1. Starting from segment A:57-80, keep only residues that are over 18 Å from B:THR86 (Cα atoms) and open to solvent by 20 Å² or more (accessible area, probe 1.4 Å), then list their pairs with residues that are of a type in the set (S, T, N, Q) and not in a helix (DSSP H, G or I) whose Cβ atoms are within a distance under 9 Å, requiring at least 6 positions of separation or different chains.
2. Among B:SER22, B:SER14, B:SER65, B:SER54, which is the only one that is away from chain A (no Cβ under 14 Å) and either free of Cβ contacts under 8 Å to residues at least 60 places away in the same chain or not basic (Lys, Arg) (or both)?
3. Evaluate segment A:33-46: report whether one residue or more is open to solvent by less than 20 Å² (accessible area, probe 1.4 Å), away from every other protein chain (no Cβ under 13 Å) and either free of Cβ contacts under 8 Å to residues at least 12 places away in the same chain or more than 17 Å from the chain's Cα centre (by Cα) (or both).
Amino acid sequence: MIRVQQADFDVAGEYRNLQQHGLAGAIVTFSGLVRDFAGDTSERFFLQHYPGMTESVLNKIVSQAQSRWPLLAVTVIHRVGHLQAGDQIVFVGVSSAHRKSAFAACEYIIDLLKTEAPFWKKEGRQWVDAKQSDQAAADRWLTADDS
Amino acid sequence: MSNANAITILYFASLGDALGLSEERFSQASLPADVASLRAQLAARDAKWAAALSSTNLRCAVNQSLAKPEHPLCWGDEVAFFPPVTGG
């Protein structure tokens, strides 16, 4: 399940949804939060996205994860709009029969989301620059395709 | 409204701020052959456009899929230009 929304999300509730799949032996969840930025806490944090393309890219990433690992359920939630330091911004939850595939798939999805899904962060008046370390994290999965 | 002889162009994040524009309907007599051609025509508008579109890491999507400079265009297409993504 993929959701792009302004509203906050409830990790406990999302965990219970993943637990509904009876054969799950492992659930791995990741929550991303807005870091404290640039000292001035009165400055607002804004998340822009490309409606339509965002959902199709997230669907593609989840499909790729499902083809690489035996997953029972996947939840991806990403918030957009105005947020504040400390707010939850992204959730990835994966259930599988075994922990290794659940850990790997969860990390794969967040790594690919960060470099492929069309979201842009603005801290105060400054758009955030893409990080080379994020690209390297995603590339690690893509080059592993050949193994 | 018909999309005949028009392309919808979207500009996101820092690019949209630099141009002071997030969306336009691009319409003229002849269709730009590909993404690179459209980008060159936009950059030729004035110094502000030339500077904003000069970034080498600018990405492009055609009809919401990432597209290379040589991707051909059709009237009615939705073309988006944006900087590298920073979500998550």
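The values are calculated or read from the model by the stated rules, or taken from the named source; none is laboratory data. On a predicted model such as this, the values are computed, not experimentally measured, just so you know. Please note: Cβ atoms are built from the backbone with ideal geometry, for glycine as well, and neighbour counts cover all protein chains shown. Side chains are part of the model used for accessible areas, which takes the heavy atoms of the whole protein and leaves out ligands, DNA and RNA. Shrake-Rupley method; radii C 1.70, N 1.55, O 1.52, S 1.80 Å.
1. A:TRP69/A:SER96; A:PRO70/A:SER96; A:LEU71/A:SER95; A:LEU71/A:SER96; A:LEU72/A:SER95; A:LEU72/A:SER96
2. Selected residue: B:SER54, the only one of B:SER22, B:SER14, B:SER65, B:SER54 that is away from chain A (no Cβ under 14 Å) and either free of Cβ contacts under 8 Å to residues at least 60 places away in the same chain or not basic (Lys, Arg) (or both).
3. Of all residues in segment A:33-46, those open to solvent by less than 20 Å² (accessible area, probe 1.4 Å) come to A:34, A:37, A:45.
Among the residues that remain, those that are also away from every other protein chain (no Cβ under 13 Å) are: none.
Checking segment A:33-46: not a single residue is open to solvent by less than 20 Å² (accessible area, probe 1.4 Å), away from every other protein chain (no Cβ under 13 Å) and either free of Cβ contacts under 8 Å to residues at least 12 places away in the same chain or more than 17 Å from the chain's Cα centre (by Cα) (or both).
Listed here are the residues, each with its yes/no results for (1) assigned to a loop (DSSP other than H, G, I, E, B); (2) open to solvent by 20 Å² or more (accessible area, probe 1.4 Å); (3) among the aliphatic types (A, V, I, L, M).
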position	(1), (2), (3)
B:ASN5	yes, yes, no
B:THR8	no, yes, no
B:ALA18	no, yes, yes
B:GLN28	yes, yes, no
B:LEU38	no, no, yes
B:SER55	yes, yes, no
B:PRO69	yes, yes, no
B:CYS74	yes, yes, no
B:VAL79	no, no, yes
